[in-house]
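Quick notes on the structure that follows.
The values are calculated or read from the model by the stated rules, or taken from the named source; none is laboratory data. A quick note: this is a predicted structure, and the numbers were derived from the prediction, not measured. Ideal geometry is used to build each Cβ from the backbone, glycine not excepted, and the neighbour counts take in all protein chains shown. Ligands, DNA and RNA are excluded from the accessible area calculation, which covers all protein heavy atoms including side chains. Shrake-Rupley method; radii C 1.70, N 1.55, O 1.52, S 1.80 Å.
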Amino acid sequence: MGNLTATRPPLPWTAPTASDPVQATLRLPGSKSMTARALVLSALASGPSTLAGPLRARDTELMAGALRALGAHMSITDDDRWLVRPHPLAGPAHVDVGLAGTIMRFVPPVAGLADGRITFDGDPQARTRPLGPLIGALRSLGVRVESPATGSLPLTVFGAGRVTGGEVVIDASASSQLVSGLLLAAPRFDRGVVVRHVGPPVPSAPHLRMTAQMLRAAGAAVDDSTPDVWVVEPGPLAGRGWEIEPDLSGAVPFFAAALVTGGEVTLRGWPRSSAQPVEQLRSLLRRMGGEVTLTTAGLTVRGTGAVHGIDADLSDVSELTPALTALAMLADSPSRFTGVAHIRGHETDRIAALAREFAGLGADLTESADGLEIRPRPLRGGSFRTYHDHRMAHAAAVTGLAVPGIELDDVSCTSKTMPEFPALWSGMVTGKS
């Protein structure tokens, strides 16, 4: 079983309200998405790898633990530099996925390459996250998988030490991770893989481009030139040094603070060329009233004293929906966000949760099948439930900058991707960052 033991209820956290424009220069932890992919590729490589600037958080530590359980040697005691030494993969083993989509979708294909029985389970909410398409794909590629009829956790992979691979058709409209999980392990499959997506559009396309880019950096032959088709040839993966970028999704609440307060926030260490969807973020923040610049000092966002509502398809950047919703609540005109139906299957149903919690603060908003319509009006303080979802906590924190008395039921859920969040946030608001 996963992490299902009873724990002491978390203490409420009152989001700090800004009395002045924030002025902060921050260095945030590494990208969760890049750290997770680098760990998997390193565990499957032919030689050792290092990760410089990785994210140390619950999701990534559980990922390292999962790959260690399968046999990879992981040294993650140094916060700034992790070392991975590949080793033959074998069971029996148990993988605790926590509430991490990356683990429940990236590690089962790796488990197929192990010799032995690998079980998977996690937090209670993890059992509601969609896995059926991946389970079906693995079975069609020759992997024996046992799972509930619901196509969810808990599941068992009976690894045979090899995966035949080949062509597979999958509906990945619920999550791009369903494709990325197959691609990351595919170079070790006997025949590689050809993944064909059939169904509504795959969300979060930038994450698929990141997967392809990192596979190529490890020496894999990848063809993603045909829409909704990904081809990975069989072949060795090279051990290498991975430079992990700062986490863009984690930075968004801090950038939003610049807009809300008319201040300025700089994220240090931002690369000139990024594997993350920085251009989409820059465009969205500019449309909402921010000034965005990239210099040698980092990525800087300045507020102009006004926040504007927008109409935006967020399908490529759905992780930003909660923080952008909070911004839209404080805007001078209505907003409409679409293209994010799949976030109903994240840590919680984020669309429903955002609608419910903001309505409790007096907001005027309408929930649609794939997004939200927001008509700004004055909000009041009150309790804000996070549903164990770090992005919900980010939304509440952004709102609290302008609305006194926003009380989160659980800010500790931010440890999933940024354990330092409460301290960094309070330091930024008080000018002690």
Can you list residues from other chains, or at least 5 along the same chain, whose modelled amide H is less than 5 Å from the amide H of Gly116? Gly91, Gly159, Ala160, Gly161
Taking 10 °C and 1.306 mPa s as the conditions, I'd like the Stokes-Einstein D for segment 44-116 in µm²/s, using the Kirkwood hydrodynamic radius from alpha carbon pairs. 127
Under 5 Å between amide hydrogens, which residues at least 5 positions from Ile170 or on another chain qualify, with H placed 1.01 Å from N in the peptide plane? Arg196, His197, Val198
Over all directions, the average projected area of the alpha-carbon convex hull for the chain comes to how many nm²? 18.5
If the only charges are +1 at each Lys and Arg Cβ and -1 at each Asp and Glu Cβ, what is the size of the charge dipole of segment 1-132 around the Cα centre, to the nearest 20 debye? 180
Determine the order of Lys432, Lys416 by accessible area, beginning with the largest, at a probe radius of 1.4 Å. Lys432, Lys416
Rounded to two decimals, the Debye log10 I(q)/I(0) of segment 183-239 (Cα scatterers, no solvent) at q = 0.17, 0.24, 0.27, 0.30 Å⁻¹ is -0.51, -0.95, -1.14, -1.30
Along segment 382-387, what does the Karplus equation 6.51 cos²θ - 1.76 cosθ + 1.60 (θ = phi - 60°) give for ³J(HN,Hα), rounded to whole Hz, x for Gly and Pro? x, 6, 9, 7, 9, 6
With N residues in segment 282-334, Rg(alpha-carbon) / (2.2 N^0.38 Å) equals 1.16
What is the helix-to-structure angle for 421-430, meaning the angle in degrees between its Cα long axis and the longest Cα principal axis of the chain, kept from 0 to 90 and rounded to the nearest 10? 20
Note on the chain: contact order normalised by length, alpha-carbon pairs under 8 Å, 6 or more apart, percent, works out to 18
Row for segment 150-290, column shape: gyration tensor on C-alpha, a ≥ b ≥ c, rounded if a/c < 1.5 i.e. under 1.5, prolate if a/b over b/c, else oblate; value prolate
One finds, for Thr338 and Ala306 with R0 = 25 angstrom and r their Cβ-Cβ distance, a FRET efficiency to the nearest 0.05 of 0.60
Bins of 5 Å from zero: percent of alpha-carbon pairs in segment 1-149: 2, 8, 16, 18, 18, 13, 10, 6, 4, 3, 1, 0
For the chain, the charge dipole (Cβ of Lys, Arg +1; Cβ of Asp, Glu -1; about the Cα centre) points to a positive end, and the Cα of Ala160, Thr386, Ala36 closest to that extreme belongs to Ala160
Is there a quick way to get the dipole size of segment 307-433? I mean about its Cα centre, with the Cβ of Lys and Arg at +1 and of Asp and Glu at -1; what is the value in debye to the nearest 20? 320
Rounded to two decimals, what is the ratio between the C-alpha radius of gyration of segment 63-195 and 2.2 N^0.38 Å? 0.99
Quick query: amide H of Asp364 versus all other amide H atoms, modeled in the peptide plane; which residues come in under 5 Å with a sequence gap of 5 or more or a different chain? Arg375, Arg377
Spin-label pair Thr17/Arg286, simplified geometry with 7 Å Cα→Cβ offset, distance in nm: 3.5
Report the charge-dipole magnitude of segment 210-296 in Debye, nearest 20, computed about the Cα centre from +1 at each Lys and Arg Cβ and -1 at each Asp and Glu Cβ. 280
For the chain, built as a Gaussian network whose Cα springs stay under 10 Å, the top-fluctuating residue of Thr399, Thr295, Thr14: Thr295
For q = 0.18 Å⁻¹, what log10 I(q)/I(0) does segment 257-388 give under the Debye formula with an equal point scatterer on each alpha carbon and no solvent? -1.03
Could you tell me which GluC sites (Glu not before Pro) in segment 364-415 are loop residues by DSSP with no more than 14 other beta carbons within 10 angstrom of their beta carbon? none
Furthest towards positive pole of dipole, Pro12, Leu408, Leu134, structure part the chain, Cβ charges: Leu134
Assuming R0 = 35 Å, can you tell me the calculated FRET efficiency for the pair Glu167 and His94, based on Cβ-Cβ distance, to the nearest 0.05? 0.65
Based on the Cβ-Cβ distance of Asp364 and Ala217, what FRET efficiency does E = 1/(1 + (r/R0)^6) give at R0 = 45 Å, to the nearest 0.05? 0.45
After finding the eigenvalues of the alpha carbon gyration tensor for segment 345-433, what semi-axes result from the square roots of 5 times each, listed largest first in whole Å? 22, 17, 10
Treating the angle as unsigned and between 0 and 90°, give the value, to the nearest 10°, between the Cα long axis of helix 205-217 and the longest Cα principal axis of the chain. 50
Going by alpha carbons, how many degrees (0 to 90, nearest 10) lie between the helix axis of 278-287 and the longest principal axis of the chain? 20
